[in-house]
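Trainee: My questions all concern the structure below.
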Amino acid sequence: MNISLAGAEGWKRTLRLFGDKSLSHRSLILASMASGESVIHGLSKGADVASTASCLRQMGSEIDISEELPVRVSGWGDRGPAEPVGILDCGNSGTTLRLLAGLLAGSSGLFILDGDESLRKRPQGRVVRPLSEMGATLLARRNDTLCPLVVKGARLSPFRGSPEVASAQVKSSILLAALASGSEVEMEELGHTRDHTEMMLRGLGVPITSDGLKISLSSGPHRWNGFEYTVPGDPSSAAFLVAAAVMGQGTKVTVEGVCLNPTRTGFFQILERMGAKISMRVTEERMGEPVGTITAESSRLIGTEVEPHEVPPAIDEFPLLAVVATAAEGNTVVKGAEELRVKESDRIRCVVTELSKMGARITEAPDGFTVYGPTPLSGAVMECHHDHRLEMSLAVAALTAEGTTRLENAGWASISFPEFWSFYPGPQERSEA
């Protein structure tokens, strides 16, 4: 599918998003591990979360998803996951593959995890190595670094040490392995990452503690019953609408019921430093997660420098930051973001290539990029590179560009934000690729 887009000014929106993708993955996994029925409201409707649900069903979790009703999950509890007959297809979802690899490493049985062409290119050694050191057997292509990934679960030894990268997925994989096996964790992260897994486990009564970068989980078994949970809105999805508002003229957006966990608001904090008019107001807590409202409006922006320690809390939003930086006075420099090269696409190279087509002055570095702003953008023919976040970032760029922008081979937004095009404030016209 190709999508033709044009600029838009003066738009205003108040909206409520479907559930956060990271929390949706985790709520399904923890509900499947629970004894009894769980009820989940507001689950993300993205394709990545659907991949997690499909894999869990193959392993014996009963998951009832319909359009109108909340999702109901009957977990396997003490039985543990059943060994599936076929391959567990994780689709495009690295979160699905890495979190399930951990869960299955501490479970009984043989499991094969695979995904689409993009997922087969993404590094898995970062979970294979710690899980293997704990005693599980994991085999994969290219010296155990690329899926398909074969997991033979075992009774695991404690994990003591640091993951090799600052990654919430790797951290969560280790924690789920320990929970499934009843083993102990004494972990020190290399940098602050999303702490959704720890928050939810504490909410379920699991004795997990955090002290700065240190995380401790006592030996189990740890068990919990089914629970009811409303997934907060996704701040990574809200980011696209917030960015569009601060870049625009006479524009404003209010997003209600969104997750405001400090490990997820790094992008908004960077925008505030750039002069963006953004307010975040916490109105409640759900299983330890702060939830509230984000309001943003058209702003005069200045360039900034993003240091490596700021990267993990904003890792998904850096293609979008490059777009915003084209509207800022002065240079914006991102460092320490080499992780962007092993996402659904090489997000450093791809965002530099595509924004350059629109006239942006942007240069590539091994671990980031520099945008020399401000640069008026012009419509161009763009390639989405099979990447949902790149597609949505380029769509935001089109809102302030002169003329028409055409996104070729589009349609990837549904992976994480299926409502994106219905919320998009500019004119759009679809055609067959």
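Trainee: Can you name the condition, by its number, that S173 falls short on among (1) surrounded by fewer than 16 Cβ atoms within 10 Å (Cβ to Cβ); (2) part of a helix (DSSP H, G or I)?
Mentor: Single failed check for S173: (1).
Trainee: Does K171 satisfy the condition of being closer than 24 Å to R264 by Cα, touching a residue at least 24 places away in the same chain (Cβ under 8 Å) and either assigned by TED's automatic domain parsing to the domain that holds H25 or within 23 Å of the chain's Cα centre (by Cα) (or both)?
Mentor: yes
Trainee: Among the residues of segment 226-260, how many are in a helix (DSSP H, G or I) and of a type in the set (S, T, N, Q)?
Mentor: Adding up the residues that qualify gives 2.
Trainee: Additional query: Kindly provide the set of residues from segment 33-49 that are farther than 13 Å from V231 by Cβ and surrounded by 20 or more Cβ atoms within 10 Å (Cβ to Cβ), ordered by number.
Mentor: Residues satisfying the conditions are M33, A34, D48.
Trainee: Right, something else. Which residues, counting only those in segment 293-329, are surrounded by fewer than 18 Cβ atoms within 10 Å (Cβ to Cβ), farther than 24 Å from H192 by Cβ and among the acidic types (D, E)?
Mentor: E329
Trainee: At pLDDT below 95 and surrounded by fewer than 16 Cβ atoms within 10 Å (Cβ to Cβ): which single residue out of L213, L190 fits that description?
Mentor: L190
Trainee: Does S414 satisfy the condition of being more than 20 Å from V253 (Cα to Cα) and either of a type in the set (V, I, T) or touching a Ser or Thr at 6+ places or on another chain (Cβ under 9 Å) (or both)?
Mentor: Taking the combined requirement at face value, the residue does not satisfy it.
Trainee: Looking at this structure, is G102 in contact (Cβ under 8 Å) with a residue 60 or more places away in the chain, in the same structural domain as E188 (by TED's automatic domain parsing) and surrounded by 24 or more Cβ atoms within 10 Å (Cβ to Cβ)?
Mentor: Yes; evaluated as a whole, the condition is true for this residue.
Trainee: Among what's in segment 341-366 and is of a type in the set (K, R) and free of Cβ contacts under 8 Å to residues at least 40 places away in the same chain, pick the residue that is surrounded by the most Cβ atoms within 10 Å (Cβ to Cβ).
Mentor: K357
Trainee: Which one of the conditions (1) out of contact with any strand residue (DSSP E or B) (no Cβ under 7 Å at 6 or more places or on another chain); (2) of a type outside the set (F, W, Y); (3) at pLDDT below 95; (4) surrounded by fewer than 23 Cβ atoms within 10 Å (Cβ to Cβ) does M287 fail to meet, given that it meets all the rest?
Mentor: It is condition (1) that M287 fails.
Trainee: Restricting the search to segment 16-70, which residues are basic (K, R) and in contact (Cβ under 8 Å) with a residue 24 or more places away in the chain?
Mentor: R16, K21, R26, K45
Trainee: Only one of V206, V151 is buried (at least 18 other Cβ atoms within 10 Å of the Cβ), out of contact with any Lys or Arg (no Cβ under 6 Å at 6 or more places or on another chain) and part of a strand (DSSP E or B). Can you tell me which?
Mentor: That would be V151, the only listed residue that is buried (at least 18 other Cβ atoms within 10 Å of the Cβ), out of contact with any Lys or Arg (no Cβ under 6 Å at 6 or more places or on another chain) and part of a strand (DSSP E or B).
Trainee: On to the next question. Inspect segment 107-118 for any residue being assigned to a helix (DSSP H, G or I), farther than 18 Å from H196 by Cα, within 22 Å of the chain's Cα centre (by Cα) and not assigned by TED's automatic domain parsing to the domain that holds F420 and give the result as yes or no.
Mentor: No, segment 107-118 contains no residue that is assigned to a helix (DSSP H, G or I), farther than 18 Å from H196 by Cα, within 22 Å of the chain's Cα centre (by Cα) and not assigned by TED's automatic domain parsing to the domain that holds F420.
Trainee: Residue by residue through segment 300-309, note down the ones that are farther than 17 Å from V371 by Cα and assigned to a strand (DSSP E or B).
Mentor: Passing the criteria: none in range.
Trainee: In this structure, is E198 modelled with pLDDT of 95 or more, touching a strand residue (DSSP E or B) at 6+ places or on another chain (Cβ under 7 Å) and farther than 18 Å from L103 by Cα?
Mentor: No.
Trainee: Which condition number in (1) surrounded by fewer than 18 Cβ atoms within 10 Å (Cβ to Cβ); (2) assigned to a helix (DSSP H, G or I); (3) not assigned by TED's automatic domain parsing to the domain that holds E310 is the one that Q269 fails?
Mentor: (3)
Every residue, every condition in (1) in contact with a Cys (Cβ under 8 Å, 6 or more places away or on another chain); (2) touching a residue at least 60 places away in the same chain (Cβ under 8 Å); (3) not assigned by TED's automatic domain parsing to the domain that holds A296, yes or no:
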site	(1), (2), (3)
E188	no, no, yes
M199	no, yes, yes
D211	no, no, yes
I215	no, no, yes
S218	no, no, yes
R223	no, yes, yes
G226	no, yes, yes
A238	no, yes, no
G248	no, yes, no
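Trainee: Sticking with this one: Taking the options D78, D48, name whichever one is assigned by TED's automatic domain parsing to the domain that holds A140 and more than 19 Å from L17 (Cα to Cα).
Mentor: D78
Trainee: Still on this structure, I have one more. Answer yes if at least one residue in segment 275-291 is part of a helix (DSSP H, G or I) and either on the phi < 0 side of the Ramachandran plot or not aromatic (F, W, Y) (or both), and no otherwise.
Mentor: no
The values are calculated or read from the model by the stated rules, or taken from the named source; none is laboratory data. None of the values given here were measured: they were computed from a predicted structure. Counting neighbours? That spans all protein chains shown, and the Cβs are built from the backbone with ideal geometry, glycine included.
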